[in-house]
Amino acid sequence: MIIVKTAEHIRKVLADYSPFDPRVAFVPTMGALHEGHLALVAAAREMAPVVVTSIFVNPTQFNDPSDFARYPKSLEQDILMLEAAGTDLLFLPEVSTMYPKGTDQLPVYPLGRLEQLLEGHYRPGHFQGVCQVVHRLLDMVQPGLLVMGQKDYQQCMVVRQLIQHTGLAVQLQIQPTIRENDGLAMSSRNRRLSPQQRQQAVVLFSTLQYLARNARRLPLLTLEAEAAQQLLDAGFGTVDYATIADAHTLEPVSDPAPDQPVVALAAAWLGEVRLIDNLPVP
Ligand code: PAF
């Protein structure tokens, strides 16, 4: 595995590949890697002969500075894991490489309702930050395939919109969420859960299963109230949302047409840790 820190160095290593060559697959990460990330690298390996991974904890997507400060870091272990998983090229940029002119005057992307709904509402500015960093990474890495996890469902929709907006010739490949044996979605933030919170956390998944099972049977308001209560009963402190939304627009859906794709989504707090997850409705 080759480790590089600049776009120039990436271009040298990938000199045999044209920009946005489908033989180059890219997995962007913020490090603190787990099996979910490794599954993305494995999927990328299946899709393309060259796999590029990046680790960059992007300051512009943290609306809460203390979340940024506490974001887990495990670079040495991450490097070993990526090497074993078959990453060919690891891009490890500095903040000054990503944002040479600082972060005050970065582009603003037209995300419409997507940045007001759900995560957008609770994390103002977050999706602008995601677009800023993903756009910059795509400009630098120039991959043909971009491999991302469905765990961050709304982020995938936002990145799809970013790709349409920029017209970049990259294809988004969304991969299923990887779960622990009890159903908890893998997440770097799980590391911050106490043993007791770790046990409580599984209720996020069972609540999503409940939502998905009943999405086409019960009114949205009843479902939302029941789902929130299940989370509170399990020990979650605050429920930001537990809802059913259109799978493409993420607008709330109370009475989905039989052929309308919908998804159950939830975000809730266990102590100081905010967990999010989702489950497509069959
Ligand atoms: O999902 C993440 O880890 C981040 O939001 C991403 C896509 C790497 C951008 O910083």
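Just so you know, all these numbers are worked out from the coordinates, no wet-lab data involved. Just so it is clear, the structure is predicted and the values come from calculations on it, not from any experiment. Heads up, the Cβs are rebuilt from the backbone with ideal geometry, glycines too, and the neighbour counts pull from every protein chain shown.
Ordering Tyr109, Tyr122 by the number of other Cβ atoms within 10 Å of each residue's own Cβ, fewest first, gives Tyr122, Tyr109. Backbone N atoms of the stretch 113-157 closer than 19 Å to the 7 Å Cα→Cβ label point of Lys5 belong to residues 137, 140-141.
From the square roots a ≥ b ≥ c of the eigenvalues of the alpha-carbon gyration tensor of the stretch 191-282, which class results: rounded (a/c under 1.5), prolate (a/b over b/c), or oblate? Before the final figure, lay out each step's value.
Numbers: a/c = 2.41, a/b = 2.05, b/c = 1.18.
Prolate, because a/c is 1.5 or more and a/b exceeds b/c.
Computed over the alpha-carbon pairs of the chain, the distance histogram in 5 Å steps reads 1, 6, 12, 16, 18, 17, 13, 9, 5, 2, 1, 0 percent, short to long.
At 24 Å minimum axial length over the Cα atoms and a Kyte-Doolittle cut of -1.0, report the qualifying DSSP H helices in the chain, or say none.
Numbers: long enough: 195-214 (30 Å, -0.41).
TM-like helix candidates: 195-214.
Please work out whether the stretch 157-241 counts as rounded, prolate or oblate from its C-alpha gyration tensor, where a ≥ b ≥ c are the square roots of the eigenvalues and a/c under 1.5 means rounded, while otherwise a/b larger than b/c means prolate and anything else oblate? Oblate. Across the chain, Cα pairs under 8 Å and at least six residues apart give a relative contact order of 18 percent. Averaging the Cα positions of each part gives two centres, and for the stretch 81-154 and the stretch 1-44 these lie 14 Å apart. Cross-link partners for Lys151 among the lysines, with Cα-Cα distance under 28 Å and sequence neighbours closer than 8 places in the same chain left out: Lys5, Lys73. In this rough spin-label picture, where each label sits 7 Å from Cα along the Cβ direction, the Leu232-His248 distance is 3.6 nm.
Once you have the Cα-Cα distance between Gln209 and Gln196, take 0.36 nm times their residue separation minus that, and quote the gain in nm to one decimal. Write out the running numbers ahead of the final one.
Details: separation 13, 0.36 × 13 = 4.68 nm, distance 2.16 nm.
So the chain would gain 2.5 nm between Gln209 and Gln196.
By the compact-protein rule of thumb, 2.2 N^0.38 Å, the alpha-carbon radius of gyration of the stretch 124-282 corresponds to a ratio of 1.10. In angstrom, the C-alpha Rg and Dmax of the stretch 12-125 are 16.1, 44.
I'd like to compare 141-148, 123-130, 33-40: which one has the highest average count of other Cβ atoms within 10 Å, and what's the full order after that? Show your work: numbers first, answer last.
Values: 141-148: 24.0, 123-130: 19.5, 33-40: 21.1.
Order by mean packing, descending: 141-148, 33-40, 123-130.
Estimated purely from DSSP H runs of n ≥ 4, each contributing -39500 (n - 2.57), the mean residue ellipticity at 222 nm for the chain is -12000 deg cm²/dmol once divided by its residues. Highest average first, the peptides 75-83, 271-279 ordered by how many other beta carbon atoms sit within 10 Å of their residues are 271-279, 75-83.
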